[in-house]
Amino acid sequence: MAEWTGFLGVTMLWVKAAHVIFVIFLMAGLFMMPRFFVYHHQCAVGSDEDRKWIEREDRLRKIILNPSLVIVWILGLMLAFNGGYWSQGWFHAKLLLVLLLSGYHGWTIGYFKKLKRGERPLSEKRLRMLNEVPGVAAAIIVILAVVRPF
Ligand code: HEM
């Protein structure tokens, strides 16, 4: 099969399965974090609740978000080298969107640090709107990776 001709051989299917599994973990974290921020916003700076949300967000960042992003990138790049998709349009578009999603990931970490310092720079409405970004990006990325329309 053409899919199995890269350096990974049949192992490519396992790498692809692992890629998708860690994509799920990453997306779960990216959906949860801004939701946590909305709840976090509702409690007073320095309160017990505030400290609890900081701890929850910190754990989400350290246990789910950061490791998943690194693993998704490593496995994704392995698949890209294996398949040699560098000149294909769908892959360029996917790369652009995963860079955007990685930037969003970076924004959540930065916003967490602000909340930890007692800052609340955005309104809840703005946070709820930003919460839509990962869902829309993921839908387009999956279509690009599976359908490969161009
Ligand atoms: C972070 C950088 C990423 C890179 C470099 C990357 C790269 C790749 C490559 C090259 C493939 C094709 C494997 C093949 O069939 O030969 C693939 C498959 C896939 N990727 Fe990614 N990916 C990344 C992130 C993501 C993200 C964030 C999502 C979803 C939100 C995603 C969803 C998928 C899916 C669903 C497939 C399976 C497609 C199929 O077999 O039909 N990837 N990825």
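Near G135, within a Cβ-to-Cβ distance under 13 Å, what is the net charge of the other residues, with Lys and Arg +1 and Asp and Glu -1?
With Lys, Arg at +1 and Asp, Glu at -1, the net is +1.
Can you pull out the trypsin sites (Lys or Arg not before Pro) in segment 84-150 that DSSP calls coil and that have at most 11 other Cβ atoms within 10 Å?
Sparse-neighbourhood loop trypsin sites (Lys or Arg not before Pro): R117.
Please name whichever of Y85, V23, A145 sits farthest to the positive end of the charge dipole of the chain, dipole taken about the Cα centre and charges placed at Cβ: Lys and Arg +1, Asp and Glu -1.
Ranked along the dipole, the leading option is V23.
Given a 1.4 Å probe and every protein chain left where it sits, what share in percent of the accessible area of segment 1-123 is carbon and sulfur?
Its accessible area is 70 percent carbon and sulfur atoms.
Can you list which of the GluC sites (Glu not before Pro) found in segment 96-145 are DSSP loop residues with at most 14 other C-beta atoms within 10 Å?
Within segment 96-145, the qualifying GluC sites (Glu not before Pro) (loop, at most 14 other Cβ atoms within 10 Å) are E119, E132.
Using the Cα centre of the chain as the reference point, and only Cβ charges (+1 on K/R, -1 on D/E), how large is the resulting charge dipole? Debye, rounded to the nearest 20.
My answer is approximately 260 debye.
For the chain: lysine pairs with Cα atoms under 16 Å, gap of 8 or more or different chains, count?
Number of lysine pairs found: 7.
Are there any chymotrypsin sites (Phe, Trp or Tyr not before Pro) in segment 2-71 that are in a DSSP loop and have at most 16 other Cβ atoms within 10 Å? List them by number.
Passing both the DSSP loop test and the Cβ count: F7.
Find how much the distance from A17 to R148 grows on full extension, using 0.36 nm per residue of separation minus their present alpha carbon separation; answer in nm with one decimal.
Using 0.36 nm per residue and subtracting the Cα-Cα distance, I get 45.4 nm.
Kindly report the accessible area of segment 2-147 per residue (heavy atoms of protein chains, probe 1.4 Å, no ligands, DNA or RNA), in Å².
About 56 Å² of surface per residue is accessible.
For segment 65-144, what is the charge dipole size about the Cα centre, in debye to the nearest 20, if Lys and Arg each add +1 at the Cβ and Asp and Glu each add -1 at the Cβ?
420 debye
The values are calculated or read from the model by the stated rules, or taken from the named source; none is laboratory data. Remember, it's a predicted structure, so these values are computed and weren't measured experimentally. Neighbour counts run over all protein chains shown; Cβ positions are idealised from the backbone, glycine included. Surface areas here come from the heavy atoms of the whole protein model, side chains and all, with no ligands, DNA or RNA. Shrake-Rupley method; radii C 1.70, N 1.55, O 1.52, S 1.80 Å.
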